[in-house]
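Working notes, beginning with the structure itself.
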Amino acid sequence: MFFDTLITGANNLVWSLPLVGLLLLTGLYFSLRTLFLQVRCIPDMLNQLRKGEASPDGTSSFQSLMISLAGRVGMGNIGGVATAIAIGGPGAVFWMWLIAFLGAATSFVECTLGQIYKEKDKDTGEYRGGPAYYIEKAFKHTTAAPVFLVYAIVFSIVTVVAMCFFLPGVQGNGMASAAYEAWGLPHWVSAVGVVILLAFIIIGGVKRIAHFAVLVVPVMAILYIIAALIVFFINFDQIPHVFGLIFSSAFGAHAVFGAIVGKAVEMGVKRGLYSNEAGQGTGPHAAAAAEVSHPAKQGFAQSFAVYIDTLFVCTATAFLIISTDMYQVFQGPDEELIYAGSVPEGTDYGPEFAQNGFESVFHGLGPTFVAIALFFFAFTTIVAYYYMAEVNLTYLSRWIPNRTARRALVRFLQALILVAVVYGSVTTTGNAWALGDIGVGAMAWLNVVAILILQGPALKALKDYQQQKKAGKDPQFDPRLLGIKNAEFWELRADGLVRHGETGEDLEKKVAGR
C-alpha cells in the first residue's frame, strides 16, 4: 500500500498542470518558429526517407526511423489509447492528435540537435548522440559549461532509470494482459517467457534486435492498420458519430463526458507523449545514428515518425474502440463508472478494449491478433529502451577508467530491466502506467527545458538547409559557417577528414592535431 501511494504521489508531482502546459506551448512555439514545418516540409520528410543512404558507421534515414519507431510503436498505441479513453473519455483522442501535430516540430528540433552534436564511438566508430551529448557540447565553450555538464549527467541518470525500470513495466503489463485475455495465460507465465527471450537478446547484443525491429515493426504496424481499416469500412456508418463524439468530448460539449474535459486534456497529452515521445528525448538517440549530409534531413525524417505513430496507429486504435462501442469511461480517484459501453463484464481497461473491438468483427481472432501485435510492438520497444539506457550508461561511464567496472554496470543494467519487466507484468495496470508516466514525465521536463535553451543551432540548421535547397544544391553542413561550435564531427567532415571505419579515438586525434 505504501509503495502504491508513493507511486501515485510521484506521478501527480511530475505530471502537474505545468508540464502539460509546457509540452503544448513548446510544440506551438516551435511550430511558429519553424513556420509549421510539420505541414510545409512533408515533401522533404518523404524525400529523405526515400533517398537516405546507410554507411558502415551509420544507418540510413529509413533504418533510423524504423529503430525509432521500434521505441515509439508499442503499448502506448493500443493500451495507451484505451487507457486515455477510459480515464479521459473519447475527447482524449483529440488532444493526442494535437500533441502529435505540435510535437512534430518539437521532434524536429531535438533530433536535429542530436545530429549536430553526434560523435563516433571510441571503440566501434558507430555514431552516438542524444540529449546528454547536445546538452554538454552546446555550451562547452562558455563559462556555463560546468552547469550544462551536470545537467547532462542528471539527464543521463534519469534516462537510465526511466528506460530500465519505469518504462519497461508498461510494455510487460500490456503483453501479459493481452496474453491472458487471448489464451488465459497467467501473468507470471508471460513474464517468465518474455524475460528469458529478452535476456537472451540483450546479453547477446543489441545489433541483432535492431535488424529484427527494422523488419518486424513496419510489417506489424501495416497489418494492424489494415485490420483496423477493415473495421473502419465495416462500421463506415459510425464515422460521423465517432468524430462528433471525439470533438464534443474534447471541449466539454458532451452531456456525459463534458464533466471530465480536464482529464481528457491531461490523458491526451500524457498518452500522446508516451506514444510519440516528441520532446521526451528518446528520438535523438536514433536520429544521431543516421548517415546524412545535413542534420536537418534527419530532423525531417524523425518528425514524420510522430505522424506514423499517433496519426496512423493510435487513430486506428481509437476508431476501432469507439466505433465498436468497446470502451468504458471512469471518473474520479475511485474510478466511478460513468459509461459502460458494450464491454463484457469483468474486462480491465487497456489492451482488452482493442481485443474486444476486433473480436466483435473478427469472431474468434480478435484477442489473438492483438496479443501477437502487442508482443512484437512491446518487445521491440523494451529492447529499444535498453539500447537507449546503454547509450546513456556509456556516456556516464566515460569517467570510469576500469573496463571491468564498466562491464559490471552494463550487467546490472540488464538485470534491472529484467526485474522491471517481471514487476510490470504481474502488477496492476494502474501501477504500471503510473511508473511509466513518472519516467516519461521526468525525461520530458529535463529535455524540453534543454531544447528551449539550446534551440538556436537547430533553427540555424533549418534555415541553412532551406537556403541551400533553394539554390538547387544537395544541402551539406558546415557548422562553422553558422557560428555553431563544438560540432567537431561535422567540422572534420566539411574538411574531408572523415573516413568510414574510423573510430571516435581516431577523430579525437585529428581534432587535437588541427
Roughly how many percent of the accessible protein surface of the chain is carbon and sulfur, given a 1.4 Å probe and a whole-percent answer?
67 percent
Each label sits 7 Å from Cα toward the beta-carbon; between Ala145 and Ile234 the label points are separated, in nm, by 6.3 nm
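Can you tell me the accessible area per residue over segment 335-437, all protein chains present, probe 1.4 angstrom, in square angstrom?
41 Å²
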With r defined as the distance between the Cβ atoms of Gln467 and Glu345 and R0 fixed at 45 Å, what FRET efficiency is calculated, to the nearest 0.05?
0.10
How do 102-113, 329-340, 346-357 rank on mean C-beta neighbours within 10 Å, highest first?
102-113, 346-357, 329-340
Under a 1.4 Å probe, what is the accessible area of segment 127-194 per residue, stated in Å²?
36 Å²
Viscosity 1.306 mPa s, 10 °C: Kirkwood-radius Stokes-Einstein D of segment 139-199 over Cα pairs, µm²/s
112 µm²/s
Sort segment 227-289 into rounded, prolate or oblate with this rule: let a ≥ b ≥ c be the square roots of the eigenvalues of the Cα gyration tensor; rounded if a/c is under 1.5, and if a/c is not under 1.5, prolate when a/b is larger than b/c, oblate otherwise.
oblate
Any idea what the dipole of the chain comes to, in debye rounded to 20, about its Cα centre with Lys/Arg Cβ at +1 and Asp/Glu Cβ at -1?
1940 debye
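Is there a quick way to get the dipole size of segment 100-246? I mean about its Cα centre, with the Cβ of Lys and Arg at +1 and of Asp and Glu at -1; what is the value in debye to the nearest 20?
440 debye
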How much length would be gained if the chain were fully extended between Ala199 and Ser293, taking 0.36 nm per residue of separation minus their Cα-Cα distance, in nm to one decimal?
30.2 nm
Computed over the chain: longest principal axis from alpha-carbon atoms vs helix 145-161 long axis, angle to nearest 10 degrees, is 40 degrees
Relative contact order (percent) for the chain, with alpha-carbon contacts under 8 angstrom and 6 or more residues of separation?
33 percent
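Hey, with R₀ at 30 Å, roughly what FRET efficiency would Trp399 and Tyr29 work out to, going by the Cβ-Cβ distance, to 0.05? Write down the numbers at each step before the final one.
Working: r = 35 Å, r/R0 = 1.17.
E between Trp399 and Tyr29, to the nearest 0.05, is 0.30.
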Order the following by accessible area, largest value first: Asp309, Asp495. Probe radius 1.4 Å; ligands, DNA and RNA are ignored.
Asp495, Asp309
Segment 350-490: C-alpha gyration tensor shape, a/c 1.5 cut-off, then a/b vs b/c:
oblate
Step through the table entries Lys118/Lys263; Lys137/Lys509; Lys120/Lys297, compare each Cα-Cα distance with 30 Å, and write down the pairs that go over it.
Lys118/Lys263
Charge dipole of the chain built from unit charges on the beta carbon (Lys, Arg +1; Asp, Glu -1), centred at mean Cα; most positive-end Cα among Gly169, Ala10, Val109 is Val109
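The values are calculated or read from the model by the stated rules, or taken from the named source; none is laboratory data. Not measured: the values here are computed from a predicted model. Positions of Cβ are generated from backbone atoms using ideal geometry, with glycine treated the same way; all protein chains shown enter the neighbour counts. Surface accessibility is based on the protein's heavy atoms, side chains included, excluding ligands, DNA and RNA. Shrake-Rupley method; radii C 1.70, N 1.55, O 1.52, S 1.80 Å.
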